[in-house]
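One structure below.
Every read-out reported here was derived from the displayed coordinates using simple, explicitly stated rules and does not represent laboratory data. None of these values were measured; they are calculated from a predicted model. Cβ coordinates were reconstructed from backbone atoms using ideal geometry, including for glycine residues, and neighbour counts include every protein chain displayed.
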Amino acid sequence: MSYVSFPSGKQFDFVAIGRLCIDLNANEINRPMEETMTFTKYVGGSPANITIGMSRFGMKTAFIGKIADDQMGRFIASYLQRNAIDTRNVITDRTGALTGLAFTEIKSPTDCSILMYRENAADLKLTPEEVSEDLIAQTKVLLISGTALAASPSREAVFQALYYAKKHGAVIAFDLDYRPYTWTSPEETAAYYNLAAEKCDIILGTREEFDMMERFEQNPERSDHVTASKWFDHSAKIVIIKHGKEGSIAYTQDGVGHRAQSFPAKVVKTFGAGDSYAAGFLYGVMQGWTLEKSMEFGSAAACIVISSHSCSDAMPAAADVHDYIERCSRGEITAS
Ligand SMILES: Nc1ncnc2c1ncn2[C@@H]1O[C@H](COP(=O)(O)OP(=O)(O)OP(=O)(O)O)[C@@H](O)[C@H]1O
Ligand SMILES: O=C(O)C[C@@H](O)[C@H](O)C(=O)CO
């Protein structure tokens with residue numbers, strides 16, 4: 001059964017808007033940042049990672065965002081291009097804004113944190129006038145991500161993109177991607193997240209991210225079913241609530257909860273699980289697979305990324321994900 005129908009006759013399968021930054025992932029893992037001496041540089045930012053994932057699955061993709069006018073910005077643009085992502089709407093900032101940097105600390109597979117440098121970040125400078133209506137008119141799916149809502153003018157740029165997506169019939173996916181360090185107050189955060197989510201067809205978030213949006217007021221029991229139901233009064237067709245290693249549940253308008261277990265993984269770090277899960281899941285539903293199969297595919301893609309050093313560069317091809325699922329079914333992969 002198909003819960004979302006994707007428009008046909010579009011040039012792009014998938015366009016995302018939002019954060020483009022640099023991840024500097026600790027090379028010396030299993031130790032605190034104070035003792036970490038070297039890092040490897042990767043493209044980062046949740047929507048960028050998801051787009052790279054979709055492109056590796058063979059989807060036709062493009063990105064809408066803003067990069068700094070410096071070596072880091074040029075590194076990001078060329079990496080996207082090498083991954084066959086259309087960058088016609090990746091704008092170069094001319095105001096002296098900087099590329100956001102995320103230094104990751106990998107103390108253990110379950111204890112990872114991020115040290116962010118996001119003062120005057122270029123990605124938050126994208127203006128509504130810079131969002132290309134033509135590009136959004138030409139995509140089956142538009143993905144938005146929460147961090148771009150944290151400040152103006154990027155916030156208004158996202159709402160402009162939502163307007164164009166509705167106007168031209170693109171399916172809208174929202175990865176909540178809540179990063180507290182980019183926001184100033186819980187009230188402001190919840191207000192903008194809720195306003196954007198009302199307009200979206202597919203909403204993906206962790207239990208904690210939905211808690212942030214609900215502020216515990218409407219749902220003191222933290223029930224996934226209560227969380228999902230609210231969005232079906234707006235535009236949502238699918239609401240996914242992720243529970244890390246415990247798996248995920250997708251609710252549909254008929255009130256049914258579709259569950260997916262996670263797969264075993266030799267975890268290096270947990271960053272990037274949500275991004276690869278989103279890419280795998282969206283790819284699956286765009287192939288017309290069942291929700292269960294799409295979630296399974298997303299869960300296996302997540303395992304590949306969390307077993308690797310990076311988020312973006314580790315995004316797998318579809319054959320790698322199928323292979324991972326088969327190896328798990330043969331008992332060849334066990335948890336770390
Ligand atoms: N330790 C783990 N072992 C196996 N699979 C995992 C693990 N952690 C996450 N996953 C898989 O990844 C999916 C998404 O993970 P999670 O709920 O942690 O998302 P997230 O918090 O958005 O991720 P991120 O850390 O990238 O922000 C889960 O539903 C699960 O399938
Ligand atoms: O901005 C962050 O929080 C880190 C990102 O750059 C990282 O690539 C990520 O978003 C993983 O989900």
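Observations on the structure shown:
- Gyration tensor (alpha-carbon) shape descriptor, segment 17-112, a/c threshold 1.5: oblate
- Counting every other Cβ atom within 10 Å of each residue's Cβ, THR139, THR182 order from fewest to most as THR182, THR139.
- Gain in span if fully extended, ARG31 to SER113, counting 0.36 nm per residue against the direct Cα distance: 28.4 nm
- Residues listed by number, segment 7-23, amide nitrogen under 19 Å from GLN71 label point at 7 Å toward C-beta: 21-23
- Spin-label zone in segment 89-120 - amide nitrogen under 16 Å from a point set 7 Å from the Cα of GLU188 along the C-beta vector: 118-120
- Viscosity 0.890 mPa s, 25 °C: Kirkwood-radius Stokes-Einstein D of segment 202-302 over Cα pairs, µm²/s: 178 µm²/s
- Full-extension gain in nm, GLU129 to GLN261, via 0.36 nm per residue minus C-alpha separation: 43.3 nm
- The chain: C-alpha gyration tensor shape, a/c 1.5 cut-off, then a/b vs b/c: rounded
- The chain: relative contact order as a whole-number percent, Cα under 8 Å and 6+ apart: 17 percent
- Fully extended contour minus Cα-Cα distance, from VAL226 to HIS168, at 0.36 nm per residue: 17.8 nm
- Whole-number D in µm² s⁻¹ for segment 264-324, Kirkwood Cα-pair radius fed into Stokes-Einstein, 37 °C, 0.692 mPa s: 297 µm²/s
- Among the listed pairs LYS242/LYS293; LYS199/LYS242; LYS60/LYS140; LYS199/LYS245; LYS140/LYS237, those beyond 18 Å (Cα-Cα): LYS199/LYS242; LYS199/LYS245
- Beta bridge orientation in segment 128-286: antiparallel %, DSSP, nearest 5: 40 percent
- Rounded, prolate or oblate (a/c below 1.5 giving rounded, otherwise prolate when a/b exceeds b/c) for segment 138-184 by Cα gyration tensor: oblate
- Antiparallel bridge percentage (DSSP; both residues within segment 1-108; nearest 5): 30 percent
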